[in-house]
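Chemist: Sharing a structure below in structure tokens format, with a few things to ask.
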Amino acid sequence: MPSNSLTHSATAPDPAGTLYVVATPIGNRDDITLRALKILESVDLIAAEDTRHTGRFLKHHGITGNFISYHEHNEDKRTPGLLKKLQSGSLIALVTSAGTPSVSDPGFRLIRKAIETGIAVVPIPGVSAAITALSVAGMATDTFVFIGFLPKKAAKRIKRLEELAGEPRTLILYESPNRIVTLMENIFAVMGDRYGVLAREMTKLHEEFLRGRLSELLRHLKNRPHIKGECTLLISGSPKEAEDVFEIAMAELKHRLENNDGSLSELAKEISKRYSLSKNKVYDQALKLNKENRR
């Protein structure tokens, strides 16, 4: 029966084969479900983003498997062959190096093609970096937007951030450690001094959560000799209440004055326009903050 049928069952493999989409740990090897281990042990083939990484992980759990590499550089080449195996009755598990396949990771092409050709696609849920970080962020969780990785090219990245600037829901982004500071500076420039949580090395030995305004997080990170580990960044949504808007605007004003980032009049004009505040009110506050900085 086609996998997109309303009556498709995930409990019994389809005669034409089954594609299992298996979530694996993002760090701690014990963050794996019993069901996932059973599936990985029983399938005919494991399509892995990194066969060596997955092989070491399965060896830790006493499992040996038949592997084939499946990553962003060979998805187009590998997909037809895997589909053929599925159509002939093979049971295949799709895994990435960490987390859930196709969620900012390889797998989307194979999953889509399998669905289009009537192959049963069965989710084996588990860890997701986005949900793991959100669960301990202390930010709004009733509604949020998963962004994943933004474009690497600066112009496209800034344009995307401008599109997201008015989004009232919590934003969740992924970034590599060598680009995280640049990303946060871009967000600061476009969205202002929002509250954020940076999750790094989650579930690992050096797990860390940094919380505070973007200006505070940037100051902290720039004092480090290096940053390691994949990063998940959560940013508060666009503020609605006038008090919240003013508080964020003043936090940005203070940060930029401390860093001599423009004259008082230039900053007052820019910040008042961005946050729809009175220019005179912002300028008066800038004068007060400037006097405090000189003491």
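Residue-wise test of (1) farther than 18 Å from A23 by Cα; (2) assigned to a loop (DSSP other than H, G, I, E, B).
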| position | (1), (2) |
| --- | --- |
| G81 | yes, no |
| S97 | no, yes |
| V121 | no, no |
| V127 | no, yes |
| M139 | yes, yes |
| P151 | yes, yes |
| E162 | yes, no |
| G166 | yes, yes |
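Chemist: Does L205 fit the bill of being surrounded by fewer than 17 Cβ atoms within 10 Å (Cβ to Cβ) and over 21 Å from F144 (Cβ atoms)?
Modeler: yes
Chemist: Among (1) modelled with pLDDT of 95 or more; (2) in contact with a Phe, Trp or Tyr (Cβ under 6 Å, 6 or more places away or on another chain); (3) closer than 28 Å to R219 by Cα, where does R169 come up short?
Modeler: (1)
Let's see how each residue does on (1) among the basic types (K, R); (2) modelled with pLDDT under 95; (3) not assigned by TED's automatic domain parsing to the domain that holds P101:
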position	(1), (2), (3)
S3	no, yes, yes
T7	no, yes, yes
A12	no, yes, yes
I32	no, no, no
D44	no, no, no
T64	no, yes, no
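Chemist: Only one of (1) in contact with a strand residue (DSSP E or B) (Cβ under 6 Å, 6 or more places away or on another chain); (2) outside any loop (DSSP other than H, G, I, E, B) fails for R157. Which number is that?
Modeler: Result: R157 passes all but (1).
Chemist: While we're looking at this one, here's another question. List the number of the failed condition for R213; all other conditions in (1) touching a helix residue (DSSP H, G or I) at 6+ places or on another chain (Cβ under 9 Å); (2) in the same structural domain as E167 (by TED's automatic domain parsing); (3) basic (K, R); (4) surrounded by fewer than 16 Cβ atoms within 10 Å (Cβ to Cβ) hold.
Modeler: Result: R213 passes all but (4).
The values are calculated or read from the model by the stated rules, or taken from the named source; none is laboratory data. Computed from a predicted model, the values in this text were never measured in an experiment. Please note: Cβ atoms are built from the backbone with ideal geometry, for glycine as well, and neighbour counts cover all protein chains shown.
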